[in-house]
Amino acid sequence: PPSKPTNTQTIGRLTLAEFGYRNTAVKRRHHDRRQRARCLKKQAQSVTFLLQSQSTIMDPNNTNVEDCETPTGVIGLGAVYGAASAALVVLMWLVAFHRKFCVAIWKTNKVTPYGVYTTITEALRTHYWYILCQALGVDGGNSAEQRKAWLARVTTLFLQNLNVLPQSAGSNSGSIAIEAVSDKELQKHQAIISHSCRAIFYYIIKSLLDKSKARTGKSHIKICICSVQFGSFYRLMRGMEKSLDCTIEFLEVDMIAKDWTIDWSSINENDVKSCDLIMAQHLFGVPFEQTKFWEWAQKFDIPIVEDNVQSGSIFGKYKGNPKSDAILYSGGLDKTPSCFGGGFGYFRHTKYGDELYASCRKMHDERPLDTTKARLIAVLNQTIHTMIAQNTLWFNNLVSLLFYVFFTDRGESIQFYKASLKVRKNKSITPFQHAESGFLRHPCVAHLKSMAHGFLKKEQYHSIAREEVRRRQVLLDNIPQEYHGKLFPWWTPAVLKQHEDNLGVSEFSWVNAYQTNDRLDLCKFLNEEYVVCMINTTWEYHTDSKFPVGKDINESLVYLPNINHLDNDASIVDLARVLTKYCVEGGGKATKKLKSL
């Protein structure tokens, strides 16, 4: 604005200075208005031109090529330039500030430790379809009549795969609607089909606790078991101690450090006399040599339960020791058969087999029925983990990005082993039911159909098993012989022969962090070599254990990318190269303790 008026000469009522100030301000306002009017006119002309161009392009009678192409071409070229510039800016920003993240995403093969032998397509046309049919009431929905019919079919398939019943023509037809054997025939065989395997295990432990309380007035039992225990069952027993106000004591048998077989000399067999149960659990995907357990069960008149979940699958040649009172199998997401949940228990006609079956059957019959909603949520959670296992639609890239944004320091590389563990332990999307109220249920019709579908995939699993044997040999052939016993102590010639003969499928691929006996050291080393890994969660050791070898084994095991899901032999050879490098150079010390995970 003009400077403050100082001339005192007057023009009318105004001084000369005031008149000049006013006049200049008016001129400026008029100038500003004219400028705004010109701008509005130009904008209007531009809009009119674009509208005329659009109408010309849309006019079917227009034959003027120049009128049609020029405006669109200019606009399209500008959009391309703008998008390219934005992409270049984003790329420069990522390289400048998040280079390690970009390199890790690009170089890391997104194959996870999961052994999930199904696909999203298969899940949609089976498990989700069964839930939809149940919700709409198709073919009787979830009626009692339908549940009885499908339970008979699943029981028939289970007993046929155990070679308890002869194989029927329907069991090889590929249709889940097979013809079940008669109720009279099924009643001769003591089988329980449950929501999950841990439900049957819960019934067995609860039966023994009730028996102990009736006999001694205290809910206290003692279990003879290997010092390396199956994590799900160990954590279940710890939970039962809290929920049932009971005490579960362990008499452990340690392992040999050299080849990870059972060290029978670590225990006095006379101590076994006081046990209420012998639990034979198989390790590492093969029938584990545990002959002494069955000898002690016979000698001291103790019930023995065989956990076949990790024996290589129900489709393998091993069908359980005939001296076991009960044998258990799982139909969980990463088990075989993969039924998106399920538990299968067979109780033999022995003194303790009959006793345990009667008690477990009574408890099972009292449980509520699973709902359609609960089944849908369970399948949805397992679908997320299937997408992770299969890297469906590059899902693991999204998971890695989210983990980097929320849990990783900016500018650092992604720690895939921490991301894997966080996802696996996330209870909101867990593929397994941990709460007793969640798994102590009868399976609904949709769930029973999923089980029937899983049992009909025998030939598929046999082809996977044969390919696994070949891939394992490719891995070993590309690692120097002197490192085999250090990285894989349990892969003795006898065990490798068992893999080949049994045709079982491994749930995971493990490796031993022998350099420092600290699995985090190996995880960090593999992460720097762009290999996805995770600390072992399958096996556990008793917190009060006095045996060092079992504890050391648990602290040293790491999941490798599942050998059955690696893309090709070149990926297996590259994994062998990384493991050989670890043997030669050693793993660096992890900077953070295990508790930080």
Quiz item: Tell me, in nm to one decimal, what length is gained between N517 and K188 on full extension, where the rule is 0.36 nm per residue of separation less the Cα-Cα distance?
Solution: 113.4 nm
Quiz item: Can you give the FRET efficiency for I256 and V584, using 1/(1 + (r/R0)^6), R0 = 30 Å, r = Cβ-Cβ distance, to the nearest 0.05?
Solution: 0.70
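I'd like the carbon and sulfur percentage of the solvent accessible area for segment 391-467, probe radius 1.4 Å, heavy atoms only, ligands and nucleic acids excluded. Don't skip to the end; give the middle numbers.
Working: 2080 of 3620 Å².
Accessible surface attributable to carbon and sulfur in segment 391-467 totals 58 percent.
With 21 Å as the limit, write out which pairs from K422/K486; K222/K258; K222/K351 have Cα-Cα distances beyond it, or answer none. Intermediate values should be presented prior to the final figure.
Numbers: K422/K486 28 Å; K222/K258 29 Å; K222/K351 19 Å.
Beyond 21 Å between Cα atoms: K422/K486; K222/K258.
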Quiz item: Nearest 20 debye, what's the magnitude of the dipole of segment 317-435 about its Cα centre given +1 on Lys and Arg Cβ and -1 on Asp and Glu Cβ?
Solution: 160
Exercise. Treat each spin label as a single point 7 Å out from the Cα along the C-beta direction, and report the E355 to F300 distance in nm.
Key: 1.5
Quiz item: How many nm separate the modelled label positions at E289 and T247, each set 7 Å beyond the Cα in the direction of the Cβ?
Solution: 3.7
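Using a Förster distance of 45 Å, how high is the FRET efficiency between V469 and L393, based on the Cβ-Cβ distance and rounded to 0.05? Mind dumping the intermediate values first?
Working: r = 31 Å, r/R0 = 0.68.
The computed FRET efficiency comes out at 0.90.
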Exercise. Using a 1.4 Å probe and counting only protein heavy atoms, arrange I193, I384, I377 so the residue with the most accessible area comes first.
Key: I377, I384, I193
Quiz prompt | Inter-label distance, nm, simple model (7 Å from Cα along the C-beta direction), E436/K422 | solution = 3.3
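Tell me whether segment 134-263 comes out rounded, prolate or oblate; compute the Cα gyration tensor, take square roots of the eigenvalues as a ≥ b ≥ c, and use a/c under 1.5 as the rounded threshold. Mind showing how you got there, number by number?
Numbers: a/c = 2.46, a/b = 1.72, b/c = 1.43.
The shape class here is prolate.
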Practice problem: Note down the relative contact order for segment 466-597 as a percent, whole number, built from C-alpha pairs under 8 angstrom at least six residues apart. | Solution: 36
Quiz item: Mind checking the log10 I(q)/I(0) for segment 430-513 at q = 0.17, 0.19 Å⁻¹? Debye, one equal scatterer per Cα, no solvent, two decimals.
Solution: -0.85, -0.92
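Across every pair of different alpha-carbon atoms, what Kirkwood hydrodynamic radius in Å does segment 123-193 reach?
Details: mean 1/r = 0.0756 Å⁻¹.
Result for segment 123-193 stands at 13.2 Å.
Once the Cβ-Cβ distance between K486 and D567 is put in as r, and R0 is 30 Å, what FRET efficiency do you end up with, to the nearest 0.05? Each step should come with its number before you reach the end.
On the way: r = 27 Å, r/R0 = 0.89.
About 0.65, to the nearest 0.05.
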Quiz item: Which residues in segment 242-261 have a backbone N closer than 20 Å to a point placed 7 Å from the Cα of E366 along the Cα-to-Cβ line?
Solution: 242-247
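The values are calculated or read from the model by the stated rules, or taken from the named source; none is laboratory data. None of the values given here were measured: they were computed from a predicted structure. Neighbour counts run over all protein chains shown; Cβ positions are idealised from the backbone, glycine included. Protein only, heavy atoms only, side chains kept; ligands, DNA and RNA dropped before computing areas. Shrake-Rupley method; radii C 1.70, N 1.55, O 1.52, S 1.80 Å.
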